[in-house]
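A short write-up of the structure that comes next.
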Amino acid sequence: MWGAIEHLGRDGRTRGYLRDAWSPVDLELREWFRQEAARRGLDLREDRNGNLWAWWGDPSERPGVVTGSHLDSVRQGGAFDGPLGVVSGFAALDLLRARGFEPGRPLGIACFTDEEGARFGVPCMGSRLLTGVLDPDRARGLTDDEGDSLAEALRRAGRDPGELGRDPETLGHVGVFVELHVEQGQDLVHRDAPVGVASAIWPHGRWRFDFRGQANHAGTTRLEDRDDPMLPLARTVLRAREAAERGGVVATFGRFRVSPNNANAIPGLVSAWLDARGGEEDAVRALVAELTEFSGAEVSAESWTPVVDFDVALRERIATAVGGAPVLATGAGHDAGILASAGVPSAMVFVRNPTGISHSPDEHAETADCHAGVTALAAALEDLCGS
């Protein structure tokens, strides 16, 4: 399975991946998911927001146990973030079937759409729409770097954007959700453990800062006559680092859009996206408030996820089922966190990442650790499906 998708969307120059939601590559990955579901005789369903569900058993009779993740990537990201959870879901099901296991409740494998938000700016798009966290009108109007809206992208992919929105029927099919994911850090390396279980996800959000100036000629405009929005942007980037250090949080300006984006022109508009996260919501909010006041920019919130504490009884049950795995918190957002916030009992299993690097081609997991992850996930699913 890994070999079948490893090449899809890979940049031959950088080794990174380009798997934007609803792009041709994303549609290829979705077709791969459909084929894997059909190969196993699973009931494949696509909900009104484009999330895919492959079911062993009928969840309309009784809410099921679901695992899975996503197949899209950040731009120039690594191979494991997302796809490892989907591939491991199918592999865990295969392992259970090979043992002759018959689930006492339906078992599902999910593929959530647009988890990274690389194209339209809002992460966990599929799960946010599913749970009603994201307004469908706002989602339809989101645009990518080319000016194409999500509504237009969906129409080209043969979907009806009018269908977007909270889907209580699909959500009601999910009794428990367990997401396997490569660790985005080195906690498991330091603990000398191949797998771990999540305790919580830090509160985190994304904000757009628009700095406006006056576009003009780079060679003929005197310095004293310039209104260059790059200068307040540069000062704000530095202030973000200082404020993060003071507040004990992390803050990153990692995406920029410059207009008119000519080497010989002073920009008229620079848009910058801030990603801010931390263990305490008040500290993250304080940082954003400080930068909003300091920057003088027009600031709009694009997404916010409060702290997610995973169900204690569920995570302890899974930690026991997988052999006493260590429990750790994470600063990365996941679909499991969105479902948990919507009241779905959810948990996460992490697989060791020896580099500790993620959202980069250097993201990695050893084959033996991936196998350990599948074994742990199968044990968790067997325990949960047997009740």
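Determine which member of the set GLY296, GLY279 is open to solvent by 20 Å² or more (accessible area, probe 1.4 Å), of a type outside the set (A, V, I, L, M) and closer than 23 Å to PRO203 by Cβ. Walk me through it before giving the result.
Numbers: GLY296 fails: closer than 23 Å to PRO203 by Cβ.
Checking each option against the conditions leaves just GLY279.
Which of the residues that make up segment 158-188 are surrounded by fewer than 16 Cβ atoms within 10 Å (Cβ to Cβ) and either within 19 Å of the chain's Cα centre (by Cα) or closer than 27 Å to HIS371 by Cβ (or both)?
The one that is surrounded by fewer than 16 Cβ atoms within 10 Å (Cβ to Cβ) and either within 19 Å of the chain's Cα centre (by Cα) or closer than 27 Å to HIS371 by Cβ (or both): GLN186.
Please go through segment 1-19 and pick out each residue that is open to solvent by 30 Å² or more (accessible area, probe 1.4 Å) and either of a type in the set (D, E, K, R) or touching a residue at least 12 places away in the same chain (Cβ under 8 Å) (or both). Let's see the steps before the verdict.
Residues of segment 1-19 open to solvent by 30 Å² or more (accessible area, probe 1.4 Å): 1-4, 6-7, 10, 12-15, 18.
Within segment 1-19, MET1, TRP2, ALA4, GLU6, ARG10, ARG13, THR14, ARG15, LEU18 meet the criteria.
Those residues that are touching a Leu at 6+ places or on another chain (Cβ under 7 Å) and assigned to a helix (DSSP H, G or I), I need them from segment 93-124; list them, please.
Within segment 93-124, LEU93, LEU96 meet the criteria.
Results for (1) within 26 Å of PRO345 (Cβ to Cβ); (2) at pLDDT below 95; (3) surrounded by 24 or more Cβ atoms within 10 Å (Cβ to Cβ); (4) hydroxyl-bearing (Ser, Thr, Tyr), shown as yes or no for each residue.
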| site | (1), (2), (3), (4) |
| --- | --- |
| PRO24 | no, no, no, no |
| ARG40 | yes, no, no, no |
| VAL65 | yes, no, yes, no |
| LEU93 | yes, no, yes, no |
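When the residues of segment 125-157 are narrowed to those that are of a type in the set (A, V, I, L, M) and more than 21 Å from GLU169 (Cα to Cα), which ends up surrounded by the fewest Cβ atoms within 10 Å (Cβ to Cβ)?
ALA157
When you scan segment 263-276, how many residues do you find that are open to solvent by 50 Å² or more (accessible area, probe 1.4 Å) and either without any contact (Cβ under 8 Å) to a residue 12 or more places away in the chain or closer than 20 Å to ARG208 by Cβ (or both)?
Taking segment 263-276 first, the residues open to solvent by 50 Å² or more (accessible area, probe 1.4 Å) are 263-264.
With either without any contact (Cβ under 8 Å) to a residue 12 or more places away in the chain or closer than 20 Å to ARG208 by Cβ (or both) added as a condition, the list becomes none.
Here the count works out to 0.
So which residues in segment 129-186 are touching a residue at least 60 places away in the same chain (Cβ under 8 Å), among the β-branched types (Val, Ile, Thr) and either more than 18 Å from SER300 (Cβ to Cβ) or not in a loop (DSSP other than H, G, I, E, B) (or both), if there are any at all?
The answer is THR131, THR170, VAL174, VAL176, VAL178, VAL182.
Please give the strands (runs of 3 or more DSSP E) falling wholly within segment 11-92 in which 3 or more residues are closer than 23 Å to THR131 by Cβ and β-branched (Val, Ile, Thr).
Because the criterion is at least 3 residues that are closer than 23 Å to THR131 by Cβ and β-branched (Val, Ile, Thr), the strands (runs of 3 or more DSSP E) in segment 11-92 that meet it are 64-70.
Check segment 313-327 and report whether any residue there is in contact with a Leu (Cβ under 9 Å, 6 or more places away or on another chain), at negative phi and at pLDDT 95 or above.
no
The values are calculated or read from the model by the stated rules, or taken from the named source; none is laboratory data. Computed from a predicted structure; not experimentally measured. When we count neighbours, we look across all protein chains shown, and the Cβ atoms used for this are built from the backbone with ideal geometry, even at glycine. Surface areas here come from the heavy atoms of the whole protein model, side chains and all, with no ligands, DNA or RNA. Shrake-Rupley method; radii C 1.70, N 1.55, O 1.52, S 1.80 Å.
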